[in-house]
Structures are given as C-alpha cells and as structure tokens.
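Worksheet: one structure, shown below.
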Amino acid sequence: MTTPAPDDVRSTGGSIFDVEHRTLTFGVVAVITVAAFEAMGVITAMPVTVRDLDGLSLYAWTFTAFVVTSLFAMVVAGESADRHGPLPPLLAGAGLFAAGTMVAGVAPSILWFLLGRAVQGLGSGAVIVAVYVVIGRGYPDHMRPRMFTALSGAWIVPGLLGPAVAGTVTDTVGWRWVYIGVLVLMVPIVATLVPRLLSLHLPGNPDSRPQPGRKRRALMAAVGTGLLQYAGQRLDRWSLVLLAVGLVLLALSVPRLLPVGALRLRRGLPTVVMERGFVAGAFFAAEAFIPLMLVNERGLSSARAGLTISGTAVGWFLGSWYQGRPATKRSRPSLVRLGNLVVTIGIALTAVVLIPAVPTAVSVLTWGAGAFGMGVVMASLGVLLLDLSPAAEQGANSAAFQVADSLGVVVATGAAGAVFAAGHVAPGQDAVVYLVIFAAATAIAAFATAVAGRVRPQPPVPA
C-alpha cells in the first residue's frame, strides 16, 4: 500500500497525454463526457418527458430509480473489479447503461421509462467504480491528480452546452432523440476504449474474497435509500413509517459497506470516505434550492436562475486544476481542508442574496467559489482514496467512496426537502426556510472542514 508522505512531494515526470497513456486518457474522459451529457440532457428534457408519458405524479421517481439502483451496482462492481479487474464491470456497466437508455428512449409509458432509468442507474454505478479502478491501476501515483482534473474538465462542455442542446432537441424533434443521441455517442467511445484496456492487462486478484452478505447489504441500503426519498416525497401519515423502515435498513447495512471505523472517523481511509459524503451532501443539498430561492424570493426567471449554477462545472474544473498542478505544494490533507473551507464560505455567502439590496449576480460568484472548493476537495479525496488503498481493494474502496457520496446527497437533500415542505408559506415569504436550509448545509461543510485533518493516516507506532 502506498501512503503519501506528509509533505506530499509530487513527481512531474510523464503526462496523462503521453504516448503510453493518451488513448486511455481520451477514452476515460470521453466516457465521463457522455455520462455528463446524459445527466444534463435528462434534467432538461424530464419535464416534457413526464408530461408526454402522463407521469407527472411520478416525476421524483425518475431520479430516485436511478440513484437507488446505482447504489446497489457500485458495491457489486467494486467486488468484481477487485476479483476480475476493471474491464468486466466497465463493459457490463456500459452495456446496462446503453440498454437502459434505449428502453427509456422508446418507453411507451411512464412505468417503462422508470424501468429504463433503473437499468441506467445499474450501468452508471458500475462504470464510475470501474473508472476509479482504471485510474488507480493504469496511472502512476503522480499522474492521478491530473486525471481527476481531466475528469472534472469532462463536465465543462456538457454543463455549459448540454441544457441548451437538449432543450433545442426536445422542442424541435422530441425528447426521445436526447436518449438516441447519447447512444450514438457511446458506440465509438466504447469501441476505442476496450482494446486499450485489454492491452494494458489490468487483471484482478482471483484470491480476493468479498465480505459475506455484502451484496445483500447493498440491496438493503438501496431499498432503504429509496424509502427515505419516498417518505420525503409523500409527507403524509405513512411518511413516518416509511422513514423508520428506511432508517432501519440503512442502519443494518451501511456500516458494513464502509471501511472499518468510518462512522467513528478513524484516521486515514475511513475519514476520506466519510468526508466525501459530508461535503457532497452539504453542497448538493444547498444547490438544489438555489434556483427555487432565486425564482420565488427574488423574482428571477427560470433561465436567469439557472445561470447561477450553470458555471458550476467551470469552478469545479478550476479547483481540480489547482490541486493537480505540480506547482501546488500543499499536502493532500491541507488541500482537503482548504477545499472544505471554501465550500463552507460559498454556501454561507450564497444565502446573502436573500437580502433584497444584494444583487442576485452575487450568487454567481459565491456559488462559483463553492464549486471551486468542491473541485479541490473532491479530486484530493479521490487521490487519497487510491493512495491509501491496496491494489486488491481499490474496487471495494471506490465503491464505498461512491456509496458515501450517494447517501450523503440523498440524506441531506431529503432533509432539506422536508424542512422546506414543513416551513413553506408562499413564494416571496419563505426567506426563513431558505436560511435554515443554507445554515444546515453550512454547518455540515464546516464540520467536514474541522475533521479534514483526520484524512492523514495515523503514523505507525515505533517498535
């Protein structure tokens, strides 16, 4: 196992675009770019999709089905990557993602569409874990920060152009062509990437033995997550029952899906994994309510409110670029703390636009700063995860990393939604509710900042 030195000395030799790594780099970045275009396109086209399929009442489930199944697939793919190498879960994930995209694109009813979204989630969960293992085994240590920068860069064009392209396609030729377009993009990318992965020979460890019952616990966590989201969507007398069952399932499953000591914030890898969940939950829970806040409290149009978060990909990329450049001399733990601190400040300052005298354009700067912090901390956590994971455990640990992310977002966003539903009065009269939501998100990010030093492993005790 490779443990980074406290001063995090970085080699500058080689490049992710040199002859040895060029094809692999372009292939991995292209995979993430397609996933990003799909994500941005789906968000844009979804209102028209559910209207055409008469499924407005199931709108939230078009996203919930994706999240729930991806959570299960992450754990299964992690085990497979450790035992058989990253290629099998990557191919299986790409196949499932393509199949789900096709089913969603030709769905005759909302139920068929939800089935397609669920299959897409299975594929997406497998692919993202496989990509982490590919980075861990296909690149030397000093290139990994730059690979995470490249992955962040893969979201820039989809983030800036994806909604406009998907909106134009939806309005002119129909929402189904958004899904067909994703399929067209996938074929040449997979055809190029697979031969390169085969030539690298990234085998697994046949002696790797998964934890008994891990798949069952992954299924329990997925179902518990779904019940948690469903309870937040219903907000009726059954909500408490669904919430209780969901929490019990998560309590019985999640601790065994995370590294030992994660819930106690044990130094090193366990805290690295938990940090991912904390900062992702804080950031995305707040982001979910920014457009709504600007529309309802400040009277902006949906298009102008959307501009606030449209630059998120750029800020995120710049933060990731900063952590990955050789001239950055900060240690990984200090980069994690810095990124968390900037996220905390970005969330807190964004709430200032609730004051009528503050120009709404300020939110573009404050949220851009928060996204910069996310780029620093998320890429740094990814580098630490691979540095602290033995090669035979990179799949399982990458899966735990993604599970923490998904659960952090689901729990924090669900709680924010419950706060909003309970305190909502009327448009223009909900400033206090938004302040509570942003204050809670700020507190979570501040806690992540306070414990960031624990990502550094405990030094060995001398004999």
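Things worth noting here:
- Cα gyration tensor shape of segment 237-342, rounded if a/c is under 1.5, else prolate or oblate by comparing a/b with b/c: oblate
- Gap separating the Cα centres of segment 159-178 and segment 65-98, nearest whole Å: 28 Å
- Difference of contour (0.36 nm per residue) and Cα-Cα distance, ARG267 to SER57: 71.1 nm
- Taken about its Cα centre, segment 260-463 carries a charge dipole of about 660 debye when Lys and Arg each add +1 at the Cβ and Asp and Glu each add -1 at the Cβ.
- From its DSSP helices (H runs of at least four residues, each -39,500 (n - 2.57)), the chain gives a residue-normalised ellipticity at 222 nm of -25500 deg cm²/dmol.
- Stokes-Einstein translational diffusion, segment 308-445 - Kirkwood Rh over all Cα pairs, 0.692 mPa s, 37 °C, in µm²/s: 199 µm²/s
- Normalised by the number of residues in segment 260-463, the average gap of Cα pairs under 8 Å and 6 or more apart makes the relative contact order 40 percent.
- Computed magnitude of the charge dipole of the chain (debye, nearest 20; Cβ of K, R +1, Cβ of D, E -1): 840 debye
- Fully extended contour minus Cα-Cα distance, from VAL358 to GLU20, at 0.36 nm per residue: 116.5 nm
- In this rough spin-label picture, where each label sits 7 Å from Cα along the Cβ direction, the LEU161-VAL106 distance is 2.9 nm.
- Of the peptides 47-53, 446-452, the ranking by mean beta-carbon count within 10 Å, highest at the top, reads 446-452, 47-53.
- Here the simple spin-label model places points 7 Å from the Cα toward Cβ, and for VAL173 and VAL194 these points are separated by 2.6 nm.
- Couplings 3J(HN,Hα) for segment 417-428, derived from phi with the Karplus relation 6.51 cos²θ - 1.76 cosθ + 1.60 (θ = phi - 60°), are x, 5, 4, 5, 4, 6, x, 4, 10, 5, x, x Hz, where x marks Gly and Pro.
- Listed options for Kirkwood radius over Cα pairs in Å are (1) 24.2; (2) 22.5; (3) 25.3. The value calculated from this structure is the one marked (2).
- Amide H contacts of GLY85: GLY204, ASN205, each under 5 Å away and 5 or more positions distant or on a separate chain (H built 1.01 Å from N in the peptide plane; Pro and chain starts excluded).
- Cα lying deepest toward the dipole's positive end in the chain, options PRO255, THR69, LEU90, charges on Cβ: PRO255
- Cα centre as origin, Lys/Arg/Asp/Glu Cβ charges: segment 15-210 dipole, Debye: 120 debye
Read the figures in this text as sums done on the coordinates, not as results from a lab. Predicted model only: the values in this text are computed from it and were never measured. Please note: Cβ atoms are built from the backbone with ideal geometry, for glycine as well, and neighbour counts cover all protein chains shown.
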